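Below: the structure, in structure tokens.
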Ligand SMILES: Cc1cc2nc3c(=O)[nH]c(=O)nc-3n(C[C@H](O)[C@H](O)[C@H](O)COP(=O)(O)OP(=O)(O)OC[C@H]3O[C@@H](n4cnc5c(N)ncnc54)[C@H](O)[C@@H]3O)c2cc1C
């Protein structure tokens, strides 16, 4: 039985481990922390990601705790509704709904498919070496593990990527802080089956239900900000639900973090028996809310090629060849959708939801 070593226990690592396990691989997932990631409140899982979960046999379980959307609104900061899309039809048209879920819940569901000895905590990957028959990953504590395949699912700060490329890539330095928080939909007077985005000259604010009672919001100003600056701007959007949403949010859940992605796309995701998956390969601004969805598709695609080809490096090259142009296009759109001034102009004239239009290009 071939052995896959997977470094990083986020959505990319956990879902890849399940795909491989279901196809007869022995899996060992190494996570540098002492438990699964709990930071990051919610995720928008689109039909493309939901279908991957369905393929893993987890569709029903996922939908039992995720919120499924029926409509998606886009508004101007003066309260004008610029688009109101019926996304309930995607259940039939795209074979899956668009959903929102708590990140922690999604990761726990994926981890439940692994045995205790398949998930190894406090194991921080540092570098690897390989030859014709196998690959060895070395950890920062001096220990190592050997197998047939190594996946770098260690996110935006990936050590596997750094080793593959000979150093870290350059990151963007636009100085954007993404603020997030969780609120009860009833307290804010917003429905539990609608996600919404509001665009203004100063920034962008949106919210997505993540279960049957709660939603999470996200927003950024055009530059670095403190929460006081952030909320004082958004509190002026008084014709929208935004001030109320901020007011009823659980203060403990409010976090702001600077975000960035690679200045240039990586030109290499694969080195022999080693492949990058998810954010280590293609971090993206959350403008399209697709980073985790793309990570889910990466793992599924890679596993399909491993089934098709006997030669592991050949399978990994096929994965890179298929996924790289698609994920990079999504990175570009994600960046575009983070440019709210541009968006505001486009939304004001388009009369539809450009994020949806762009997503549909990927549904082909
Ligand atoms: C504010 C925000 C909102 C977002 N919203 C959405 C959304 O709505 N929808 C969506 O699809 N995507 C969204 N994303 C993107 C999404 O969060 C990421 O694309 C996704 O989490 C990537 O998963 P990953 O497993 O590749 O990386 P991560 O989730 O970063 O997981 C990496 C894991 O590797 C571990 N690790 C790190 N270094 C090592 C090491 N050396 N050795 C071993 N383990 C290591 C980490 O501890 C972590 O557990 C959002 C991102 C942000 C910042």
Worksheet item: Looking at 173, 197, 228, which is the one that is in contact with a strand residue (DSSP E or B) (Cβ under 7 Å, 6 or more places away or on another chain) and at negative phi?
Response: 197
Fill in: Residues (loosely packed, with under 15 Cβ neighbours inside 10 Å and either in contact with a strand residue (DSSP E or B) (Cβ under 7 Å, 6 or more places away or on another chain) or part of a strand (DSSP E or B) (or both)) located in the range 261-281
263
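Here are 223, 203: which of them is in contact with a helix residue (DSSP H, G or I) (Cβ under 7 Å, 6 or more places away or on another chain) and over 17 Å from residue 84 (Cα atoms)?
Values: 223 fails: in contact with a helix residue (DSSP H, G or I) (Cβ under 7 Å, 6 or more places away or on another chain).
Unique residue meeting the criteria: 203.
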Worksheet item: Given the structure, is residue 239 surrounded by fewer than 21 Cβ atoms within 10 Å (Cβ to Cβ), more than 21 Å from residue 355 (Cα to Cα) and free of Cβ contacts under 8 Å to residues at least 12 places away in the same chain?
Response: no
Response to the item:
Among residues of the range 14-51 being modelled with pLDDT of 95 or more, within 7 Å of the ligand (Cβ to nearest atom) and over 12 Å from the mean Cα position of the chain (by Cα), the residue surrounded by the fewest Cβ atoms within 10 Å (Cβ to Cβ) is 33
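If only one of 84, 92 is over 23 Å from the mean Cα position of the chain (by Cα), part of a strand (DSSP E or B) and without any contact (Cβ under 8 Å) to a residue 60 or more places away in the chain, which one is it? Step through it out loud before you land on a result.
On the way: 92 fails: part of a strand (DSSP E or B).
None of the others qualify; the one that does is 84.
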Worksheet item: If you check 267, 303, which single one turns out to be closer than 20 Å to residue 316 by Cβ, more than 8 Å from the ligand (Cβ to nearest atom) and without any contact (Cβ under 8 Å) to a residue 40 or more places away in the chain?
Response: 267
Worksheet item: residue 122 is checked against (1) within 10 Å of the ligand (Cβ to nearest atom); (2) more than 17 Å from residue 276 (Cβ to Cβ); (3) in contact with a strand residue (DSSP E or B) (Cβ under 8 Å, 6 or more places away or on another chain) and fails just one. What number does that condition carry?
Response: (3)
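For residue 244, state whether it is more than 14 Å from the ligand (Cβ to nearest atom), surrounded by fewer than 18 Cβ atoms within 10 Å (Cβ to Cβ), closer than 21 Å to residue 157 by Cα and touching a residue at least 24 places away in the same chain (Cβ under 8 Å). It would help to see each step written out before you state the result.
Numbers: more than 14 Å from the ligand (Cβ to nearest atom): yes; surrounded by fewer than 18 Cβ atoms within 10 Å (Cβ to Cβ): yes; closer than 21 Å to residue 157 by Cα: no; touching a residue at least 24 places away in the same chain (Cβ under 8 Å): yes.
It is false that residue 244 is more than 14 Å from the ligand (Cβ to nearest atom), surrounded by fewer than 18 Cβ atoms within 10 Å (Cβ to Cβ), closer than 21 Å to residue 157 by Cα and touching a residue at least 24 places away in the same chain (Cβ under 8 Å).
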Worksheet item: Going through the range 68-117 one residue at a time, which ones are surrounded by fewer than 16 Cβ atoms within 10 Å (Cβ to Cβ), touching a strand residue (DSSP E or B) at 6+ places or on another chain (Cβ under 7 Å) and modelled with pLDDT of 95 or more?
Response: 71, 86
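Yes/no per residue for (1) touching a residue at least 12 places away in the same chain (Cβ under 8 Å); (2) within 13 Å of the ligand (Cβ to nearest atom); (3) part of a loop (DSSP other than H, G, I, E, B):
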{"residue": "163", "(1), (2), (3)": "yes, yes, no"}
{"residue": "173", "(1), (2), (3)": "yes, no, yes"}
{"residue": "178", "(1), (2), (3)": "yes, yes, no"}
{"residue": "183", "(1), (2), (3)": "yes, no, no"}
{"residue": "196", "(1), (2), (3)": "yes, no, no"}
Worksheet item: Mind checking whether some residue in the range 55-62 is on the phi > 0 side of the Ramachandran plot, more than 13 Å from the ligand (Cβ to nearest atom) and within 21 Å of the chain's Cα centre (by Cα)?
Response: yes
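Take residue 152 and tell me if it is within 13 Å of the ligand (Cβ to nearest atom), within 20 Å of residue 10 (Cα to Cα) and without any contact (Cβ under 8 Å) to a residue 12 or more places away in the chain.
Values: within 13 Å of the ligand (Cβ to nearest atom): yes; within 20 Å of residue 10 (Cα to Cα): yes; without any contact (Cβ under 8 Å) to a residue 12 or more places away in the chain: no.
Considered against the rule, which asks whether it is within 13 Å of the ligand (Cβ to nearest atom), within 20 Å of residue 10 (Cα to Cα) and without any contact (Cβ under 8 Å) to a residue 12 or more places away in the chain, residue 152 comes out as no.
Examine the range 341-356 for a residue that is within 19 Å of the chain's Cα centre (by Cα), more than 21 Å from residue 268 (Cα to Cα) and at pLDDT 90 or above, and state whether such a residue exists. Can you show your working first?
The first filter runs over the range 341-356 and keeps only residues within 19 Å of the chain's Cα centre (by Cα), leaving 355-356.
With the extra rule that they be more than 21 Å from residue 268 (Cα to Cα), the set shrinks to 355-356.
Now restrict to residues that are at pLDDT 90 or above: 356.
Checking the range 341-356: at least one residue is within 19 Å of the chain's Cα centre (by Cα), more than 21 Å from residue 268 (Cα to Cα) and at pLDDT 90 or above.
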Response to the item:
Scanning the range 53-67 residue by residue, the ones that are touching a residue at least 40 places away in the same chain (Cβ under 8 Å), more than 15 Å from residue 113 (Cα to Cα) and either surrounded by 19 or more Cβ atoms within 10 Å (Cβ to Cβ) or out of contact with any strand residue (DSSP E or B) (no Cβ under 9 Å at 6 or more places or on another chain) (or both) total 2
Worksheet item: Does residue 272 meet the test of being in contact (Cβ under 8 Å) with a residue 24 or more places away in the chain and within 14 Å of the ligand (Cβ to nearest atom)?
Response: no
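Going by the conditions given, is residue 167 at pLDDT 95 or above and surrounded by 13 or more Cβ atoms within 10 Å (Cβ to Cβ)?
Taking the combined requirement at face value, the residue does not satisfy it.
The values are calculated or read from the model by the stated rules, or taken from the named source; none is laboratory data. These figures come from a predicted structure and were not determined experimentally. For neighbour counting, all protein chains shown are included, and Cβ atoms are generated from backbone atoms with ideal geometry for every residue, glycine included.
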